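The values are calculated or read from the model by the stated rules, or taken from the named source; none is laboratory data. Since this is a predicted model, take the numbers as computed values, not measurements. Counting neighbours? That spans all protein chains shown, and the Cβs are built from the backbone with ideal geometry, glycine included. Each accessible area value is taken on the protein alone, full model and side chains, heavy atoms only, with ligands, DNA and RNA left out. Shrake-Rupley method; radii C 1.70, N 1.55, O 1.52, S 1.80 Å.
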Amino acid sequence: MNIINLLFRLFLTFNATSLILVVYMVKEQIVINSISCYLANLPHWVSYVLYFSVPVIFTFLSLLLSNKLADDNIEAEEGKSAIKDIEQANNAYLPSYLGYFFVALSVNYCDTLIFVFAILFLFTFLSQTLYFNPLFLVFGYHFYYLNTENNIKIFLITKRNLKDPRSLNFPNLKRINDFTFIEK
Amino acid sequence: MNHLLAKTRGRNGDYFKVISNSEIYPLPDDLDNPREYGTDYKLEDDEWFAITGFSEKEYCIDFLTRRFISTDYNQLPRAQYTNIEYLVAYQTGYYCFQKLTSSQVINRRYFSMSEQPELVTNAPIILINQVPDAIYHKEEDILYFKKLTSITTIFRGIYELYREATQEETEEFLENDFINLADDYSAENVKKANRKRIAMAQATLQTFNRRQKRQIFSYIREYCEDLEFDENSENFSISNEEDLKKLLYGIEQRYYTTKIGNERRLANSVSPV
């Protein structure tokens, strides 16, 4: 179970940071046309779309994999919700993401990029709460900070639009780590 | 809503989540037959001792008074498994406690019965009891249990239920043949500390036979020289709290002599080794 969890977290971290590689390849105009003579006449955007689709597919896979994680739930009892307040976090990742993009756009050499990517990967992995992957938004997920009745803050990834903490019920959560949960 | 948590030992002991979404303990169907706790009462098989208004008691734990939310607890790290003090399962309104003793942690080689058996080594398993040691029903605020000694480490201080003798028990104890009350000393004068000791001493005395009782009395006389003893009627004269305390300590065999140095001592607290 522990191994699955570790792999899943590595996978999530990769998905969250891999867009930096895509941006870099687009900037450097690295295309797949040279691989085969059949592809030589393809417009560049085909390569770019292809690059972009890799993290999207990986993100989709990570969502499928998350079914294997340990169960959890936050259930309302006698109609009383256990959540005190909700804070939307969809935009919270924007500053860090813009940071990633600017780095990718300003890096000139491939080995610099690899080094920067490695550092970002490491810190994203270790920071635990920062599995902000904007690609989750593509699949209809949203990010929220929830404060439970015992004043403990958790990070939740869910498809629902949460607004009113009074009637919340999460019978089917999966534990990504001790602070981050995803609703299935 | 079913969750299993583990409480770890030590100063940094905390509650950790273990398993969710599976029922750990089937709830007993005989909880409607509760009895108030009494030291001398022996439960029938279908009975439970019950403490009502449990959250008001001083030995109630904070864990029971706050709301249970499974995401508040961290997952139990692998290294902490050997450090579990007790298990507690939350099952929609009921908390089931199980004290973990070393006999319930099994460190053996085993293989499971299957088409392709595989030898498993170095994977200790934890046994879950058929019936929990204690059950707390949140809504009714009642704690049910079968055996007080198995939950004393979970609810610290609950032992006081056991220790303090009632007025009747105190009177009964003072009426024993080996006690001669003097100076108007009576059961009314017995203070709380001695009442606790009486409850324990009563239980100890019951395990002694005649010969052992006689041995105990000579042992007490040996250590408590200032405690008056009447040779003819074979009784101690008790005239105040201090005398009673000495006698009670004697019954619990709290006096001893050091092996080296031959110093006579009183054991302030005792626990079996």
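The angle between the Cα long axis of helix B:241-251 and the main principal axis of chain B comes to about 60°, on a 0 to 90 degree scale.
Once a ≥ b ≥ c are taken as the square roots of the eigenvalues of the Cα gyration tensor of the protein assembly as shown, is the result rounded (a/c under 1.5), prolate (a/b larger than b/c) or oblate (a/b not larger than b/c)?
Taking the square roots of the gyration eigenvalues as a ≥ b ≥ c, the protein assembly as shown is prolate.
Restricting the trypsin sites (Lys or Arg not before Pro) of the range B:146-198 to loop positions (DSSP other than H, G, I, E, B) with no more than 14 neighbouring Cβ atoms within 10 Å leaves B:Lys147, B:Arg156, B:Lys191. Taking other residues whose beta carbon is less than 12 angstrom from the beta carbon of B:Gln80, and scoring Lys, Arg as +1 and Asp, Glu as -1, yields +2. Here's how it looks for B:Ala182: its modeled amide H is under 5 Å from those of B:Ile238, B:Ser239, which are all 5 or more places away or on a different chain. Rounded to the nearest 20 debye, the dipole magnitude of the range A:3-183 is 220 debye, with +1 charges on Lys and Arg beta carbons, -1 on Asp and Glu beta carbons, and the Cα centre as origin. Interface area, chains B and A: about 1700 Å² of buried accessible surface, summed, with a 1.4 Å probe and ligands, DNA and RNA left out. Could you check which residue among B:Ala201, B:Ala193, B:Ala89 shows the biggest mean-square fluctuation in a GNM of chain B with a 10 Å Cα cutoff? Greatest mean-square fluctuation among the candidates belongs to B:Ala193.
In chain A, the longest principal axis of the Cα atoms and the axis of helix A:94-106 are about 10 degrees apart. With all protein chains in place and a 1.4 Å probe, the accessible surface of the range B:41-87 carries 44 percent carbon and sulfur.
Add +1 for every Lys or Arg and -1 for every Asp or Glu among the other residues with Cβ under 13 Å from the Cβ of B:Glu171, and state the total. Its environment carries a net charge of -4.
Leaving out same-chain residues fewer than 8 places away, which aspartates and glutamates sit with a Cα under 12 Å from that of A:Lys159? Reachable aspartates and glutamates: A:Glu183. Going from the isolated chain to the complete set of protein chains, the range B:1-23 loses at least 30 Å² of heavy-atom accessible area (1.4 Å probe) at B:Met1, B:Lys17, B:Asn21.
The Cβ shell under 13 Å around B:Val131 holds other residues with a net charge of -3, Lys and Arg each +1, Asp and Glu each -1. Per residue, the average separation of C-alpha pairs within less than 8 Å and at least 6 apart gives chain A a relative contact order of 31 percent. Averaging the sequence gap over all C-alpha pairs within less than 8 Å and six or more residues apart, then dividing by the number of residues, gives chain B a relative contact order of 15 percent. In the range A:150-184, comparing the full protein assembly with the chain on its own, the residues that lose 20 Å² or more of accessible surface at a 1.4 Å probe are A:Asn150, A:Ile152, A:Arg175, A:Asp178.
What is the distance in Å between the Cα centroid of the range A:1-69 and that of the range B:9-59? Each part reduced to its Cα centre gives a spacing of 53 Å.
Counting only heavy atoms of the protein chains and using a 1.4 Å probe, B:Glu23 has close to 120 Å² of accessible surface. At what distance in angstrom do the alpha carbon centres of the range B:64-140 and the range A:126-184 lie from each other? Value for the Cα centre distance between the two parts: 27 Å. The aspartates and glutamates within cross-link reach of B:Lys17, meaning a Cα-to-Cα straight distance under 14 Å and a gap of 8 or more places when in the same chain, are A:Asp71, A:Asp72, A:Asp178, B:Asp72, B:Glu85.
Only helices enter this figure: runs of n ≥ 4 DSSP H residues, each worth -39500 (n - 2.57), summed and divided by the residues of chain B, yield -6000 deg cm²/dmol at 222 nm to the nearest 500.
Helix A:2-17: angle to the longest alpha-carbon principal axis of chain A, degrees 0 to 90, nearest 10? It is inclined by approximately 60 degrees.
Remark: the range A:110-123, residue by residue, has Karplus-estimated 3J(HN,Hα) of 5, 5, 4, 4, 4, 5, 4, 4, 4, 5, 4, 4, 4, 6 Hz, where x stands for each Gly or Pro and the curve is 6.51 cos²θ - 1.76 cosθ + 1.60 at θ = phi - 60°. Largest accessible area first, the residues A:Lys184, A:Lys68 order themselves as A:Lys68, A:Lys184 under a 1.4 Å probe with ligands, DNA and RNA left out.
Remark: the range B:2-162 carries 56 Å² of accessible area per residue (probe radius 1.4 Å; ligands, DNA and RNA excluded). Shown here for the range B:137-211: GluC sites (Glu not before Pro) in loop regions (DSSP other than H, G, I, E, B) with at most 11 other Cβ atoms within 10 Å, namely B:Glu139, B:Glu175. In the context of the full protein assembly, A:Ser36 retains an accessible surface of approximately 40 Å², using a probe radius of 1.4 Å and ignoring ligands and nucleic acids.
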